[in-house]
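J.: One structure follows; several queries about it will come next.
The values are calculated or read from the model by the stated rules, or taken from the named source; none is laboratory data. What you are looking at is a predicted structure, and each value in this text was computed from that prediction instead of being measured. Glycine gets a Cβ as well: all are built from the backbone with ideal geometry, and neighbour counts include every protein chain shown. Heavy atoms of the whole protein, side chains included, go into the accessibility calculation; ligands, DNA and RNA do not. Shrake-Rupley method; radii C 1.70, N 1.55, O 1.52, S 1.80 Å.
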Amino acid sequence: MTASGSSGALAGLRVIDTSTLYAGPFISTVLADHGADVVKIEPPGGDPYRHADSRIWPLLARNKKSVVADLRTPDGAALVRALAAESDVLVVNMPTRLLLRLELDYDTIAAINPDLVYVHVTGFGADGPYADRPGNGSLAEAMAGLTHMTGAADGPPTLASIAVGDAVTGYVGAFGVLAACYQRLANHGRGQYVDVNPLDAMLQVTGPVLTAHRPGGEVPRRLGSAMAGNPLRGVFATRDRGWVVIGASTPRHVREIFALAGYDAEAPDADLGGVGLQRLREWVATQERDAVVAQFVAGRLPISPVADADDIVGDPHLQARGALRVLETAEFGPIVTPAPAPRLSASAPPLAERTAAVDEHGAELRNRLLDRT
């Protein structure tokens with residue numbers, strides 16, 4: 001992957017990333033997206049994701065430099081200590097007992113560089129009864145309650161088909177880095193230990209489940225695509241075998257959306273969740289996806305098509321905003337990735353670097369990207 005240059009809000013921030021899998025590396029990916037100088041430490045033979053026939057590797061490795069070192073050897077561990085001595089941030093996700101044995105634990109590194117921000121990614125946190133358990137984003141989704149709240153109301157709990165827990169952990173970890181760096185800069189502090197794990201991260205996502213809980217009362221449960229307290233939220237099938245999501249946010253939305261289906265949401269005997277919802281489903285099923293989206297948009301009513309990957313790369317809004325980027329990879333050729341988020345107006349990369357126009361088959365990706373400049 002191409003190493004990050006000197007542009008971006010985090011230009012000059014030096015990051016050493018020894019972590020593997022998804023959550024830890026994604027922390028440094030977010031930092032690299034905004035200009036941090038990230039050095040990825042790979043084991044001899046390369047990171048496991050390089051050999052997994054998976055496009056996750058270029059997604060996580062973008063904008064980073066790579067150095068090969070066997071951390072389980074004295075020389076490899078010594079190299080990391082030497083790099084940490086000259087860096088701002090170190091990201092690790094090995095178990096604490098292994099870090100101690102390799103002399104890569106926080107106390108050892110802090111003695112070498114007291115200003116370093118030490119990010120330790122674990123499954124369930126650095127302390128507590130589960131601290132030594134192996135963990136990952138999927139387990140955190142389950143333990144934080146997301147899996148319990150996902151799926152049909154009369155069906156089993158369901159995991160998402162993407163790594164939600166790992167991605168959320170990446171952003172939480174990146175925020176932790178920036179908070180620690182700000183504390184060091186603004187308050188004349190030193191470096192510190194940043195405890196990052198997917199369980200803490202996912203609890204931020206499922207917070208409404210906790211606030212709805214009442215001891216001795218009914219436990220919040222999954223409602224399919226509905227949401228407690230929201231009178232209209234769901235996935236609806238269209239005539240052309242497409243799908244749309246409708247989510248009302250205001251009383252006007254509710255009133256006017258049901259009116260499209262010929263149902264009076266304000267009638268004294270209105271049954272929005274029963275008869276009204278069924279009437280709406282029946283009406284949407286008579287419409288083509290793009291037509292019903294256009295009708296809602298014209299009335300300033302909230303709707304979105306359910307997009308697959310083809311829809312995403314072809315979406316004119318995402319292309320106009322430069323929300324997609326093209327990476328050239330040796331393994332897979334050109335692939336599409338999301339552009340950095342959030343966007344910072346004073347340090348946005350040039351349009352040529354943040355615009356990707358993508359065709360149906362993925363051909364001419366780079367040419368189209370360059371044609372936009």
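J.: Find which of Ala174, Gln278, Gly314 sits farthest along the positive direction of the dipole of the chain, computed with +1 on the beta-carbon of Lys and Arg, -1 on that of Asp and Glu, about the Cα centre.
T.: Comparing the listed Cα positions along the dipole, Ala174 ranks first.
J.: Can you give the local net charge around Phe26? Use residues other than it whose beta-carbon is closer than 15 angstrom to its beta-carbon, Lys and Arg +1, Asp and Glu -1. If you can, show how the numbers build up before the last one.
T.: On the way: positive: Lys40, Arg55, Arg62, Lys64; negative: Asp17, Asp33, Asp47, Asp166.
Result for the local shell: 0.
J.: Still on this structure, I have one more. Mean residue ellipticity at 222 nm from the helices of the chain, using -39,500 (n - 2.57) per DSSP H segment of n ≥ 4 over the full residue count, to the nearest 500 deg cm²/dmol?
T.: Values: 16 runs with 137 residues, N = 373.
After summing the helix terms and dividing by residue count, I get -10000 deg cm²/dmol.
J.: Heavy-atom accessible area per residue, the chain, 1.4 Å probe: how many Å²?
T.: Numbers: 19680 Å² over 373 residues.
Value for the chain: 53 Å² per residue.
J.: Taking the Cα centre of the chain as origin, sum charge times position over the Cβ atoms of Lys and Arg (+1) and Asp and Glu (-1), and report the length of that vector in debye to the nearest 20. Please report the intermediate quantities before stating the final value.
T.: Values: 33 positive and 42 negative charges, 92 e Å.
Roughly 440 debye, rounded to the nearest 20.
J.: Run the accessible area of the chain with a 1.4 Å probe and give the carbon-and-sulfur part as a rounded percent.
T.: On the way: 10970 of 19680 Å².
Here it works out to 56 percent.
J.: Let me ask something else about it. To check you understand DSSP bridge types, tell me what percent of the beta bridges within the chain (both residues inside) are antiparallel, rounded to 5.
T.: On the way: 14 of 34 bridges.
Antiparallel: roughly 40 percent of the beta bridges in the chain.
J.: Further, regarding this structure: In square nanometres and to one decimal, what's the mean projected area of the convex hull around the Cα atoms of the stretch 135-252? Before the final figure, lay out the partial values.
T.: Numbers: hull surface 47.3 nm².
Reported value for the Cα convex hull: 11.8 nm².
J.: Here's another thing I want to ask about it. Is the shape of the stretch 198-327 rounded, prolate or oblate, going by the alpha carbon gyration tensor and its root eigenvalues a ≥ b ≥ c, with a/c under 1.5 for rounded and a/b larger than b/c for prolate?
T.: Values: a/c = 2.20, a/b = 1.07, b/c = 2.06.
Verdict is oblate for the stretch 198-327.
J.: Once R0 is set to 25 Å, what does the formula 1/(1 + (r/R0)^6) return for the Cβ-Cβ distance between Glu256 and Met227, expressed as a FRET efficiency to the nearest 0.05? Don't skip to the end; give the middle numbers.
T.: Details: r = 20 Å, r/R0 = 0.79.
About 0.80, to the nearest 0.05.
J.: Show me, bin by bin at 10 Å from 0, the whole-percent P(r) of the chain based on Cα pairs.
T.: Values per bin, smallest distances first: 5, 19, 26, 24, 17, 7, 2, 0.
J.: What is the packing order of peptides 117-128, 22-33, taking the mean over residues of other C-beta atoms within 10 Å and listing the highest first? Before the final figure, lay out each step's value.
T.: On the way: 117-128: 20.2, 22-33: 26.7.
Averaged packing, sorted descending, gives the order 22-33, 117-128.
J.: Give the peptides 172-183, 264-275 in descending order of average Cβ contacts within 10 Å, highest first. Working shown, then result.
T.: Values: 172-183: 19.2, 264-275: 11.8.
Ranked from most to least packed, the peptides come out as 172-183, 264-275.
J.: Below 8 Å between Cα atoms, with a sequence gap of 6+, how large is the relative contact order for the chain in percent? Walk me through the numbers before you get to the answer.
T.: Working: 648 pairs, mean separation 47.0, N = 373.
It rounds to 13 percent for the chain.
J.: How do 9-21, 320-332, 37-49 rank on mean C-beta neighbours within 10 Å, highest first? The partial results should precede the final answer.
T.: Values: 9-21: 21.1, 320-332: 16.2, 37-49: 18.5.
With the highest mean Cβ count within 10 Å placed first, the list reads 9-21, 37-49, 320-332.
J.: Please give the charge dipole size of the stretch 14-130, origin at the Cα centre, charges +1 on K and R Cβ atoms and -1 on D and E Cβ atoms. Round to the nearest 20 debye. Mind showing how you got there, number by number?
T.: Numbers: 11 positive and 15 negative charges, 68 e Å.
Magnitude of the dipole: close to 320 debye.
J.: If you don't mind, there's one more thing I want to ask. Between rounded, prolate and oblate, where does the stretch 24-71 land on the alpha carbon gyration tensor, with a ≥ b ≥ c its root eigenvalues, rounded for a/c under 1.5, else prolate if a/b exceeds b/c? Each step should come with its number before you reach the end.
T.: Numbers: a/c = 2.43, a/b = 1.29, b/c = 1.88.
Oblate.
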